[in-house]
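This report refers to the structure that appears directly beneath it.
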Amino acid sequence: MTATPHTALTIAGSDSGGGAGIQADLRTFFACGVHGMTAITAVTVQNSRGVQGFSEVPVETVTAQIKAVATDMGVDAAKTGMLATADIITAVAKTLDEVHIGRSTDVPFVVDPVAASMHGDALLREEALEAIRTELFPRATLVTPNLDEVRLLTGVTVTDAESQREAARALLEFGPQWVLVKGGHLYEAPDCVDLLSDGVQFVELTGPRHDTPHTHGGGDTLASAITASLAKGLGVPDAVAAGKHFIERAVAESYPLGSGIGPVSPFWRLADDLP
Ligand code: PLP
């Protein structure tokens with residue numbers, strides 16, 4: 001028998017293609033040496049060409065999954081991905097309070113405000129944006145929007161470092177402790193610059209831009225790598241730096257799969273000398 005590893009819970013949607021959503025979270029948790037647990041919110045039908053549709057999981061089943069693992073196995077950190085509807089978001093927020101997960105507790109909580117796939121397929125009903133702002137953001141230790149999600153949530157269009165700061169301030173108004181405004185979609189920039197802020201510190205994290213179309217699941221993988229580090233007890237700035245390192249390597253080693261967009265890869269983290 002060995003020591004129990006740290007545990008992380010993802011509340012998110014399933015990707016039948018295995019590269020994003022719950023599947024990306026689990027393979028990242030695994031690669032980071034953290035025991036992953038899941039509350040599935042929706043089952044998407046998708047492949048490398050996009051999302052063909054999805055079915056939501058009944059709200060009671062979503063919250064029952066969270067309660068089942070939190071009350072028995074314990075959660076060292078949690079994250080949300082695709083939540084699909086306002087009803088699911090409201091119920092998840094209430095349940096997180098009941099099981100003591102979130103910024104006012106000892107258990108860090110990361111919100112990746114997933115709105116659409118990179119193919120442009122909607123993963124969130126439009127009326128649910130308000131629930132993300134009002135129900136989830138105030139409970140979040142960290143929120144990790146990309147630039148499209150920033151625009152949807154705040155109305156701010158990020159084009160440079162100054163508007164990235166403006167976006168960070170606008171997001172902090174909704175009540176999360178920290179925000180990470182991901183600059184990866186700012187294609188004019190030679191590097192990827194993400195901005196991390198708690199309203200006092202503004203930390204720019206710069207990384208190389210890799211020239212690959214295969215970045216499916218990149219946002220989920222970054223958020224789950226950060227969550228894994230938080231589960232291990234790192235503070236937010238250190239966990240974000242570790243997550244950034246993880247996603248850079250995962251993008252550098254992404255691979256083609258199917259005829260469309262292939263996934264980022266967590267395999268670099270695993271030993272390659274096994275038979
Ligand atoms: N499918 C699910 C279930 C997701 O959660 C996400 C992103 O969070 C996606 C698809 C889209 O991934 P991408 O935009 O990286 O293609």
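The values are calculated or read from the model by the stated rules, or taken from the named source; none is laboratory data. Because the structure is a prediction, the values reported are computed rather than measured. Here Cβ is always computed from backbone atoms with ideal geometry, including for glycine, and neighbour counts include all displayed protein chains. Surface accessibility is based on the protein's heavy atoms, side chains included, excluding ligands, DNA and RNA. Shrake-Rupley method; radii C 1.70, N 1.55, O 1.52, S 1.80 Å.
A few notes on this one:
- Rounded, prolate or oblate (a/c below 1.5 giving rounded, otherwise prolate when a/b exceeds b/c) for the stretch 198-237 by Cα gyration tensor: oblate
- Solvent-accessible area per residue in the stretch 188-237 equals 42 Å², computed with a 1.4 angstrom probe and all protein chains kept.
- Lysine pairs within the chain, Cα separation less than 22 Å, 8 or more sequence positions apart or different chains: 9
- Distance between modelled label sites at Asp238 and Ser163, nm, 7 Å Cα→Cβ extension: 3.6
- Shown are Thr41, Thr212, whose ranking by accessible area with a 1.4 Å probe and every protein chain present, most to least, is Thr212, Thr41.
- Listed peptides 247-255, 160-168, 25-33 appear in the order 25-33, 247-255, 160-168 once ranked by packing, highest mean of other Cβ atoms within 10 Å at the front.
- DSSP-defined antiparallel bridges as percent of all bridges, the chain, nearest 5: 45
- Top positive-direction residue, dipole computed over the stretch 7-267 with Cβ charges, set Gln177, Gly262, Thr95: Gly262
- In terms of its C-alpha gyration tensor, the stretch 7-267 has a rounded overall shape, because the principal axis ratio a/c (a ≥ b ≥ c, square roots of the eigenvalues) stays below 1.5.
- Once both labels are positioned 7 Å from their Cα atoms along Cα-to-Cβ, the gap between Thr71 and Ala122 label points is 3.5 nm.
- Across Gly18, Gly218, Gly235, mean-square fluctuation computed from a Gaussian network of the chain (C-alpha pairs under 10 Å connected) peaks at Gly235.
- Label-to-label distance, Thr212 versus Thr2, with points set 7 angstrom from Cα along the beta-carbon direction: 2.7 nm.
- Ligands, DNA and RNA left out, the accessible area of the chain computed with a 1.4 Å probe is 53% carbon and sulfur.
- Three-way shape call for the stretch 33-148 based on the alpha-carbon gyration tensor, with the a/c threshold at 1.5: prolate
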